[in-house]
Amino acid sequence: MSDIWNRLSAHRKAQGDRRIDALFAEDTDRAAACTTRADGVVFDWSKTMIDKDARDLLIQLARDRGVEAQRDAMFAGERINETEGRAVLHTALRNLSGSVTVDGQDVMPAVRETHARMSDFARQVRDGSFMGQGGRITDVVNIGIGGSDLGPYMAVLALAPYHDGPRTHFVSNVDGADIADTLKGLNPAKTLVIVASKTFTTIETMTNARTARDWMAGSVDDPAAQFVALSSAVKMTADFGIDGTRVFGFEDWVGGRYSVWGPIGLSLMLAVGPERFDEFLAGGAAMDAHFRTAPLDRNLPVLLALVGIWHHQVCGYPTRAVLPYDNRLLRLPAYLQQLEMESNGKRVAMDGSDLTVASGPVVWGEPGTNGQHAFYQLIHQGTTPVPCEFILAAKGHEPDLAHHHILLAANCLAQSEALMRGRSLDEARALMQAKGLQGPELERQARHRVFPGNRPSTTLLIEQLTPFVLGQIVALYEHRVFVEGVILGINSFDQWGVELGKELALKVEPLLKGDASGGHDASTEALAAEIRALRG
Ligand SMILES: O=P(O)(O)OC[C@H]1O[C@](O)(CO)[C@@H](O)[C@@H]1O
């Protein structure tokens, strides 16, 4: 562990049982001093135990770990994904007027050409000049998993007020229930199926794609004519029978969980239209520009990452809750789970040595106010603090329901205030006294009503959830994950940890079919035998 990590942990220890609210008492300017802004996005991290010394140490950590140099290397198209020998250039997909070279070759003409083809295709589907074999396309089914599902699904839900294209559905799970429930009620002759898979080999996606093709073949003469492929493996899309005019390719320097900005975002483009999609890209590009130019101590992704590092690696809190007070960000926590846990859930550093600090935290969450009636009990009174990251828009999209929005916002602010302040035993006693209790019963009841408080939270405030702002938010989290990865010294862009389970699933399949036996542990063999018996 380097000196700076030791100093951070010594500083944390020295804070002892000091409280967050004491930091406000000491510094009346704290709320403003601990608020970082980027093009209308406001990030308040004042309700944490990051005091001035901790902040300086964290900024020093980012500087020492080479965040600025690594950031510049990423944007310059260097092969920073060393275990896969790839550049990391999802940022190129949202900066269409830019120029980036990989191995001396300008990659932007191809990016622009694919974007233009996608936009043309989306316009044709939306205005009816591209039709299904039974008429105008009414429904789009995106078949993909992981990054080929979570990004577009999250964004389509988030931008519901802008959705004026065909209905959009998402199928990801290999569980037949997913595709069966989705296709039920759809007219195959008016449905467009998108097979979204970077590799075009992912077993869940290819199984679902074949099922969709069979479903369509029952109703139309040429099912492949209503299929679209989004992939880096263009040859495999041809083998599946999809005509090259409906194949939108992308390069291997776009990681799956970073791919919503390009062809994998086609379902979003069909839903909201190419112009709104471009606003989403512009929001991402604006956050890129901020990330590239703002000094570290005023850099939003850097500050967000450092707050994460403080809570997980320094304070040792095992999880992080993302709590959007915006029902349309329903899938954001799931999207961030992949983005953060697939990127930074690694136990070795880039050079193969063991990490000497903890890897990324468990990320989870649910929109407020629903979560308040489910798991906030633990957040307020459980024994392990959970740093909470609130996300709130100042305005909703329903002017007639503004009173709902005020209530929503009031709940969000109240939760962060309650987490910080808590309720002391004396306050709880007073409450019980007011109810007429006394003696040992008063004491017992009061103890249940104590909130320890001093629980950290941050608030990300936006004006309204528009396509541009959604782009800013997604790019913000991408860069946060990148900065955390650089500080931890890991490669945030590979995902070897998903391979073993995939390989073994292929070996377990024949066991379940009764075509093979042996080669597995006794528990797996016994469970497979039980399943075979139950299936009859
Ligand atoms: O787009 P593909 O190649 O089907 O991959 C889907 C997902 O599978 C993974 O490779 C591993 O689960 C993810 O990184 C990726 O987003």
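What to note about this one:
- Two-site FRET efficiency, A116 against A289, from Cβ-Cβ distance with R₀ of 25 Å, rounded to 0.05: 0.60
- DSSP beta bridges fully contained in the chain are about 30 percent antiparallel.
- Cross-link partners of K435 among aspartates and glutamates (Cα-Cα below 14 Å; sequence separation of 8 or more within a chain): E427, E443
- In the context of the full set of protein chains, residues of the range 1-69 present 52 Å² of accessible surface per residue (probe radius 1.4 Å, heavy atoms only).
- Whole-number accessible area per residue in Å² for the range 244-342, which is evaluated in the context of all protein chains at 1.4 Å: 25
- Candidate aspartates and glutamates - alpha carbon under 18 Å from K346, same-chain residues fewer than 8 apart omitted: E82, E84, D354, E478, E484, D494, E499
- Note on N187 and A73: the extension gain reaches 36.2 nm, defined as 0.36 nm multiplied by sequence separation minus the Cα-Cα distance.
- Helix 499-513 and the longest principal axis of the Cα set of the chain meet at an angle near 60°.
- Label-point separation, D29 to A374 (7 Å along Cα→Cβ), nm: 4.2
- Taking label positions 7 Å along the Cα-Cβ direction at both D175 and K52, the computed distance is 5.4 nm, reported to one decimal.
- Per residue accessible area of the range 154-195, 1.4 Å probe, in Å²: 40
- Sequence-distant aspartates and glutamates (8 or more away, or on other chains) whose Cα lies within less than 14 Å of K513: E525, E530
- Between A410 and S129, the C-beta separation translates, for a Förster distance of 45 Å, into a calculated FRET efficiency of about 0.40.
- Expressed per residue, the C-alpha convex hull volume of the range 167-241 stands at 82 Å³.
- Magnitude of the charge dipole for the range 162-206, about its Cα centre and with charges confined to Cβ atoms of Lys, Arg (+1) and Asp, Glu (-1), is about 180 debye.
- Among 121-129, 509-517, the order from most to least packed when residues are scored by Cβ within 10 Å on average: 121-129, 509-517
- Binned Cα-Cα distance frequencies in the range 159-202 - 10 Å width, integer %: 20, 46, 32, 2
- The residues packed around L470, meaning those with a beta-carbon under 15 Å from its beta-carbon, carry a net charge of -3 if Lys and Arg are +1 and Asp and Glu are -1.
- Accessible carbon and sulfur surface of the chain relative to its total accessible area, %, 1.4 Å: 52
- Ordering of 310-316, 7-13 by packing is 310-316, 7-13, highest average first (other Cβ atoms within 10 Å, averaged per residue).
- Positive minus negative residues near G241 (Lys, Arg vs Asp, Glu; Cβ under 14 Å): -1
- A straight chain from L96 to I4 at 0.36 nm per residue would run longer than the Cα-Cα distance by 29.2 nm.
- Near V322, the amide H atoms lying under 5 Å from its own belong to W364, G365, E366, E389; only residues 5 or more places off or on other chains count, and H is placed 1.01 Å from N.
- Bridge orientation summary for the range 85-239: considering DSSP beta bridges with both residues in this region, about 20 percent are antiparallel.
- Assigned charges on the beta-carbon of Lys, Arg, Asp, Glu; the chain dipole about Cα centre (debye): 1020
- Rounded Å value of the spacing that divides the Cα centres of the range 88-159 and the range 35-60: 35
The values are calculated or read from the model by the stated rules, or taken from the named source; none is laboratory data. These figures come from a predicted structure and were not determined experimentally. Cβ: placed from backbone, ideal geometry, glycine included. Neighbour counts: every protein chain shown. These accessible areas exclude ligands, DNA and RNA; they are computed on the full protein's heavy atoms, side chains included. Shrake-Rupley method; radii C 1.70, N 1.55, O 1.52, S 1.80 Å.
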